[in-house]
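One structure below.
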Number of protein chains: 4
Amino acid sequence: MQNLIAKIEAFVAERDWERYHAPKNLAMALSVEAAEIVEIFQWMSEAQSREPDRATRDHLRDEIGDVMIYLIMLARKLDIDLLAAAHAKLGKNRLKYPAGSDPVPPPAAAARSLKD
Amino acid sequence: MQNLIAKIEAFVAERDWERYHAPKNLAMALSVEAAEIVEIFQWMSEAQSREPDRATRDHLRDEIGDVMIYLIMLARKLDIDLLAAAHAKLGKNRLKYPAGSDPVPPPAAAARSLKD
Amino acid sequence: MQNLIAKIEAFVAERDWERYHAPKNLAMALSVEAAEIVEIFQWMSEAQSREPDRATRDHLRDEIGDVMIYLIMLARKLDIDLLAAAHAKLGKNRLKYPAGSDPVPPPAAAARSLKD
Amino acid sequence: MQNLIAKIEAFVAERDWERYHAPKNLAMALSVEAAEIVEIFQWMSEAQSREPDRATRDHLRDEIGDVMIYLIMLARKLDIDLLAAAHAKLGKNRLKYPAGSDPVPPPAAAARSLKD
């Protein structure tokens, strides 16, 4: 991980892209890359998505790589430790969803529905 | 990283959520979490996004944690090594954007514009 | 509008795409098209986004057209009247944001931050 | 439609939100609202998404309304006629996907896969 972060820092520095990398812009790029993964699956059934063919899996690896790259860039700009953030959030999710609970419907969506 | 992956596996197993976790669904959840980061920045200027206040940064850490969790879940379901995928994609990006090149406009967008 | 809806219905019927058009899938396609608009703006400043050049504006028109097409498809599948839904939601937004109020920070985001 | 557009213009003017509504920001808000629709469907099967219960359908109507509102705001800022853009894009889509053709895999995704 540290090695990957260092390589990404060098990549950005060599291109002088720091000026483009406001967190606002990196968040946009992150969501665009996430959408490219969604695009791959949009007309597949859930069952098909569990068994992608070789070419699709190669494509997915590229897009997953891009999401990871932007996620690292964003976390760095905000001085957030990515692994620590995921550990901490997993702890919160444990409390929010006790063992045996169901992820449906999303609590956020339900809360918003009531609120609006 | 290995420790985080193991904890996420346990989290899913304890809740029996494997049946919800088709890659299609995890891709949707990943993009929803990415959008929650975009929501935080949508009315901020780029300059403001570089200097989030304490509460906003705490909120960002949670959302970044969620993106990381879903990204790990998705990569696992597809049997893709997340760090290796990012390393490999960074290598491709090096070739696509030689040092000194500009990220604007996105080549994919320009290509699509010509094509459509 | 009625004319556009009728044309879209014919487009889907001619291709026999009804079987792909579960609301789940149309929601994915809608978000992918929205992300293609975000991609165009991701490295632009806000000021630049207010003054797109001719080619960018043509590209934007195409992507905005695609979002509208999927939004109509989705509303139809759910038997929701698109214009009536927007009118009704605008009424709710009027109450949520009294004249003179500020859209920053997003109330949903702030609420979620407190809740999580 | 003209009536809705006029109401949206008045809504923005009364709140003096024009200064927030750079196309870059409106594109972000549009994608965030699209993601809120995706969130509703993320753990549902395709079959379940075709038969939402009453509360879910009410929630969907609100979110679809929000997407429509931001889409109108964005088109206006760019001086793009929303209905004309959708008509024109539908014509292009007719050529790209001849009757009898399949939407899978997405041509853009396949092209990008080859290109990258």
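Just a few scattered comments:
- Computed [θ] at 222 nm, helices only, for chain A once each DSSP H run of length n ≥ 4 contributes -39500 (n - 2.57): -23500 deg cm²/dmol
- Shielding of D:8-14 by partner chains, average beta-carbon count, 10 Å: 3
- D_trans [Stokes-Einstein, Kirkwood Rh over alpha-carbon pairs] for chain C, 4 °C, 1.567 mPa s, µm² s⁻¹: 76
- Derived scalar couplings between HN and Hα for the range C:22-33 equal 4, x, 4, 6, 5, 5, 4, 4, 4, 5, 5, 5 Hz in order, rounded to whole Hz, by the Karplus curve 6.51 cos²θ - 1.76 cosθ + 1.60 (θ = phi - 60°), x for Gly and Pro.
- Across peptide D:48-59, the mean count of Cβ atoms from other chains lying within 10 Å of each residue's own Cβ comes to 4.
- For the protein assembly as shown, the spherically averaged projection of the C-alpha convex hull amounts to 19.9 nm².
- Highest-MSF residue in chain A out of A:Ala86, A:Ala47, A:Ala13 [GNM, Cα springs under 10 Å]: A:Ala47
- Only lysines eight or more places from D:Lys77 in sequence, or on another chain, were considered; those with a Cα closer than 16 Å are D:Lys7, D:Lys24.
- Three-way shape call for the range C:48-97 based on the alpha-carbon gyration tensor, with the a/c threshold at 1.5: oblate
- Mean projected area in nm² (Cα convex hull; one quarter of hull surface) for the range A:18-74: 4.1
- Label separation (D:Glu18 vs D:Asp79): 1.5 nm, computed from points 7 Å beyond Cα along the C-beta direction.
Every number in this text was worked out from the coordinates using simple rules, so none of it is lab data. All values reported here derive from a predicted model rather than from experimental measurement. In this analysis, Cβ positions are derived from the backbone assuming ideal geometry, glycine residues included, and neighbour counts consider all displayed protein chains.
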